[in-house]
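The values are calculated or read from the model by the stated rules, or taken from the named source; none is laboratory data. Here the structure is a predicted model, which means the values were calculated and not measured. Neighbour counts are summed over all protein chains in view; Cβ atoms, including those assigned to glycine, are modelled from backbone coordinates with ideal geometry. SASA here: full protein model, heavy atoms, side chains in, ligands and nucleic acids out. Shrake-Rupley method; radii C 1.70, N 1.55, O 1.52, S 1.80 Å.
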Amino acid sequence: MGNHPREQFDNPVVEWVDSRLPIFTILNKEYGVFPTPKNFNYFWNFGAIAMFMLVTMIVTGIILAMHYTANVNLAFDSVERIMRDVNGGWLLRYIHMNGASFFFIAVYIHIFRGMYYGSYKRPRELLWILGMVIFLLMMATAFIGYVLPWGQMSYWGATVITNLFSAIPYVGEHIVTLMWGGFAVDNPTLTRFFALHYLLPFVIFAVVFLHIWALHVTGSNNPLGIDVKGPQDTIPFNPYYTMKDFFGLIVFVMIYCMFIFYMPDALGHSDNYIPANPLSTPAHIVPEWYFLPFYAMLRAITFNMNVYMLAGLALLAVVLVEFVWRHKPKYLNAPIGFLIFAAGGALALFGFLADMNQDWEIPMSAAEVAPVPAKLGGVLTMFGSIAMLFIMPWLDTHPIRSARFRPLYKATFLLLFVLFVALGYIGSQPADANVAGIPLSVFGLALTGYYFGFFLVILPLLSRFEKGRKLPLSIHEAVLAKKQQFQGVSA
Amino acid sequence: MKARHLIPVLAIAVGAILPLAPASANSGGAEPLVHQDWSFDGPFGTYDKASLQRGLKIYREVCAGCHSLKRVYFRNLEGIGYNEEQIKAIASQYTVQDGPNDEGEMFDRPAKPSDYIPSPFPNDNAAKSANNGALPPDLSLITKAREDGANYVFSLLTGFEAAPHGVEMSETQHWNKYFPGHKISMPPPLSPGQVSYADDGSPETLEQYAKDISHFLTWAADPYMEERKRTGVKVILFLLVFAGIMLGLKKKTWADLH
Ligand code: HEM
């Protein structure tokens, strides 16, 4: 930075600053003339929109913090005073409250875009991982923020989620005690959550900076998923994409405002308007909507994984690595592989049945000796589902990026999307709900199975066997062809 | 739209609609609520001041015997259409404790507009012990703290009936169609003719009472609703115009590209 030749600016003040600290040169390079593929669609707006939401959250959050009191006896009242007595306080809080939801909406669409068009692939793996770090930090921030108003859902949500960590062997209990600052969710929990809720958004900001830095090294992907071949494929970011981003942002903000002004509480839970009461458990504890699919995966594991099941799963993993992940099996041949597969499947099923029927007298099958009890299994599944996203660039090594040219990837991925939303629905229902006599958790387990199957099996297989469609030669040509097609239609 | 775009769009549409489908399956066995037409419904909805004032009357004459409304200041009553003099007059009918004075003593004085509406009991335990162990919740947020709050409170107040045959009830419990679990420790608080509406001649029926108090409690929980919706109209209109201008500018910018 700064050692490169620099062009002079006409404005003397700008020039004075820039010759000492070339901030305007950098801005111009990265946001002015930055060469950007010319074929973006509106999915490419959501990065800028997410950035806008982050800034909105930080600005409204800091002003809320001026009026908020992090104390179990005062927190709920202080938020209500913001709503009633602080000038414009209701607006501020509704912006922040709904802002969390709309931040997640923007980021979910942003991630969907990346998966659909293969933006996570080489050379953008690190960019993708930084994005996933942001996603994780956002989840932590939003979870912690939801505790601050200290309503019934705040308190009980915090209790349920922090308790999950106790499932981790050996250190779990210590982690939970550390998070609580005591032996239950209480004042020390609230004060440390507030401190972290103030801190984490700035950490996110720093990671966003790295994320954009990495983006500006590789350049943007585009709906065709093919590399930029030359200047005819790109246009300068400004004014083309500044204008387009601005327009998209305003449409997004308009929908966001409809919630703020007309249904500000629609995305929240009414129980959070009841002050926290450790003595009264709500009938039905649910997290915020943006956590529901992950929550459903957590609850899908209703069984303990005993030694039989784990042994079976280990055998299946061997087959997965040898025959699905490796292009050519290294240690095993097909008949042996099939035997191991059958044995693994049978063992896992046997272990499952033995856990379901605790009265069978089978050594080492009792719930108490299961190395992975249901709770830990659920926690591992939930975190594993996010881990899948992290390693996605190495699971999908297909040379074609965009789903437009990969019909099989497109079909299986869109199915994943629909099932992910269905998981969200399952997560919103009471744990004992059922459909047509079948417990919802069974559907939850089946969909969780597809989720992991998509990443661990379908992606590696497609990487090897999907042929894909013919790619256009360049972005420029594809854009021209599309134009001619349109003109042909209208002529 | 080309077929190529259709599948993703369809998938997204299905995904977006799915969670809305049978989302109300969890009402815990209670009956579906009675739905009223409220003047505050919809994006241009406003409160009906006359109804709010009748609702305050019901709160003061009936509910205040057991329930607090502790987040509402007397001065807030401006929002239901009272002027300063009227508010002073209402407040002065209450006594609040103040102090300590210069001698270090707490003392009683008439309430002022800047005071909160005093609660019937000094603390939760006192409230419980006066109500057979059940705590009458504070009502200032009740319509937000229940799903579909206004209709819920209306339904609750009109939903008392005789317990079905064979159901065990303790002395202090009452059967209510809409209360989760049906057994509520609140005696039916309203009966026809109980509160005088002589001032404006509205019908003195249970439905009218329930409607007015629910209306009033909705205001108490959401006093800035009218301002919020009015601001919303301006903001949305502004954004619409702004979006139109930006779309034009964007099109103009992009027109010279080939
Ligand atoms: C990544 C950005 C952020 C996210 C996703 C986020 C999320 C949330 C959520 C979900 C709530 C609960 C809202 C409710 O139900 O009332 C909340 C509350 C709160 N947040 Fe944030 N927040 C962010 C940034 C900030 C920042 C930077 C501050 C500054 C200190 C802040 C301060 C507060 C305060 C004081 C509350 C409690 C008041 C309230 O509940 O309305 N937030 N936040």
Kindly indicate whether any position in the stretch A:104-111 is at pLDDT 95 or above, surrounded by fewer than 19 Cβ atoms within 10 Å (Cβ to Cβ) and closer than 30 Å to A:GLN152 by Cβ. yes
Does A:MET132 satisfy the criteria of being within 16 Å of the ligand (Cβ to nearest atom), under 24 Å from A:PRO460 (Cα atoms) and more than 14 Å from every other protein chain (Cβ to nearest Cβ)? yes
Go through the residues of the stretch B:225-243 one by one and say whether even a single one is over 24 Å from B:TYR59 (Cβ atoms), of a type in the set (Val, Ile, Thr), in contact with a Pro (Cβ under 8 Å, 6 or more places away or on another chain) and assigned to a helix (DSSP H, G or I). yes
Among the residues of the stretch A:278-291, is there at least one that is facing chain B (nearest Cβ under 8 Å), in a loop (DSSP other than H, G, I, E, B) and either more than 26 Å from B:ASP138 (Cα to Cα) or hydrophobic (A, V, I, L, M, F, W, C) (or both)? yes
Quick one: which residue in B:GLY232, B:GLY181 is within 27 Å of B:SER140 (Cβ to Cβ), under 24 Å from the mean Cα position of the chain (by Cα) and modelled with pLDDT under 95? B:GLY181
Selection status of A:LEU200, buried (at least 19 other Cβ atoms within 10 Å of the Cβ), within 14 Å of the ligand (Cβ to nearest atom), assigned by TED's automatic domain parsing to the domain that holds A:LEU130 and more than 21 Å from A:LYS38 (Cα to Cα): no
Would you confirm, using the coordinates I've provided, whether B:TRP219 is more than 9 Å from chain A (Cβ to nearest Cβ), open to solvent by less than 50 Å² (accessible area, probe 1.4 Å) and closer than 30 Å to B:TYR82 by Cα? yes
With away from the ligand (no atom under 16 Å from the Cβ), buried (at least 18 other Cβ atoms within 10 Å of the Cβ) and among the β-branched types (Val, Ile, Thr) as the only criterion, which of A:THR159, A:THR177, A:THR141 stands out? A:THR159
Checking A:LEU267 against (1) touching a Gly at 6+ places or on another chain (Cβ under 7 Å); (2) away from every other protein chain (no Cβ under 11 Å); (3) assigned to a loop (DSSP other than H, G, I, E, B), the condition it does not meet: (1)
Being facing chain B (nearest Cβ under 8 Å), in contact with a Leu (Cβ under 7 Å, 6 or more places away or on another chain) and of a type outside the set (Val, Ile, Thr) is the filter here, so list the residues in the stretch A:405-432 that pass it. A:ALA422, A:GLY424, A:TYR425, A:SER428, A:GLN429
Select from the stretch B:127-142 the residues that are under 19 Å from B:ILE117 (Cα atoms), touching a residue at least 60 places away in the same chain (Cβ under 8 Å) and more than 9 Å from every other protein chain (Cβ to nearest Cβ) and list them in ascending order. B:ALA127, B:PRO136, B:LEU139
Which of the residues that make up the stretch B:39-95 are within 14 Å of chain A (Cβ to nearest Cβ), among the aromatic types (Phe, Trp, Tyr) and open to solvent by 40 Å² or more (accessible area, probe 1.4 Å)? B:PHE44
For the stretch B:127-153, which positions are open to solvent by less than 30 Å² (accessible area, probe 1.4 Å) and within 25 Å of A:ARG81 (Cβ to Cβ)? B:ALA127, B:PRO136, B:LEU139, B:SER140, B:LEU141, B:ILE142, B:THR143, B:LYS144, B:ALA145, B:GLY149, B:ALA150, B:VAL153
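Does A:ILE168 satisfy being within 16 Å of the ligand (Cβ to nearest atom) and either of a type in the set (A, V, I, L, M) or open to solvent by less than 20 Å² (accessible area, probe 1.4 Å) (or both)? Steps first, answer last, please.
On the way: within 16 Å of the ligand (Cβ to nearest atom): no; either of a type in the set (A, V, I, L, M) or open to solvent by less than 20 Å² (accessible area, probe 1.4 Å) (or both): yes.
The answer is no for A:ILE168.
Can you tell me which residue among A:PHE291, A:PHE252, A:PHE323 is out of contact with any strand residue (DSSP E or B) (no Cβ under 6 Å at 6 or more places or on another chain) and open to solvent by less than 30 Å² (accessible area, probe 1.4 Å)?
The match here is A:PHE252.
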Looking at the structure I just gave you, is A:PHE352 closer than 30 Å to A:ASN39 by Cβ and touching a residue at least 40 places away in the same chain (Cβ under 8 Å)? no
Does A:ALA446 satisfy being part of a loop (DSSP other than H, G, I, E, B) and either more than 14 Å from chain B (Cβ to nearest Cβ) or more than 18 Å from A:ALA403 (Cα to Cα) (or both)? no
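In the stretch A:389-404, how many residues are more than 14 Å from chain B (Cβ to nearest Cβ), open to solvent by less than 20 Å² (accessible area, probe 1.4 Å) and not acidic (Asp, Glu)?
Count: 6.
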Being more than 14 Å from the ligand (Cβ to nearest atom) and assigned to a helix (DSSP H, G or I) is the filter here, so list the residues in the stretch A:75-125 that pass it. A:ILE109, A:HIS110, A:ILE111, A:PHE112, A:ARG113, A:GLY114, A:MET115, A:TYR116, A:GLU125
Tell me which residues, restricted to the stretch A:405-419, are open to solvent by 40 Å² or more (accessible area, probe 1.4 Å) and in contact (Cβ under 8 Å) with a residue 40 or more places away in the chain. A:PRO407, A:LEU408, A:PHE417
If the requirement is being open to solvent by 50 Å² or more (accessible area, probe 1.4 Å) and within 28 Å of A:HIS398 (Cβ to Cβ), which of these qualifies: A:LEU224, A:LEU210? A:LEU210
When restricted to A:VAL59, A:VAL55, the only residue near the ligand (Cβ under 9 Å from one of its atoms), part of a helix (DSSP H, G or I), open to solvent by 30 Å² or more (accessible area, probe 1.4 Å) and more than 14 Å from chain B (Cβ to nearest Cβ) is A:VAL59
Has the stretch B:58-70 got at least one residue that is farther than 22 Å from B:GLN208 by Cα and touching a Lys or Arg at 6+ places or on another chain (Cβ under 7 Å)? no
Selected residue [at positive phi and either among the β-branched types (Val, Ile, Thr) or outside any strand (DSSP E or B) (or both)] from A:GLY468, A:GLY424: A:GLY468
Of the residues A:VAL13, A:VAL72, only one is at negative phi, open to solvent by 30 Å² or more (accessible area, probe 1.4 Å), within 16 Å of the ligand (Cβ to nearest atom) and out of contact with any strand residue (DSSP E or B) (no Cβ under 9 Å at 6 or more places or on another chain); which? A:VAL72
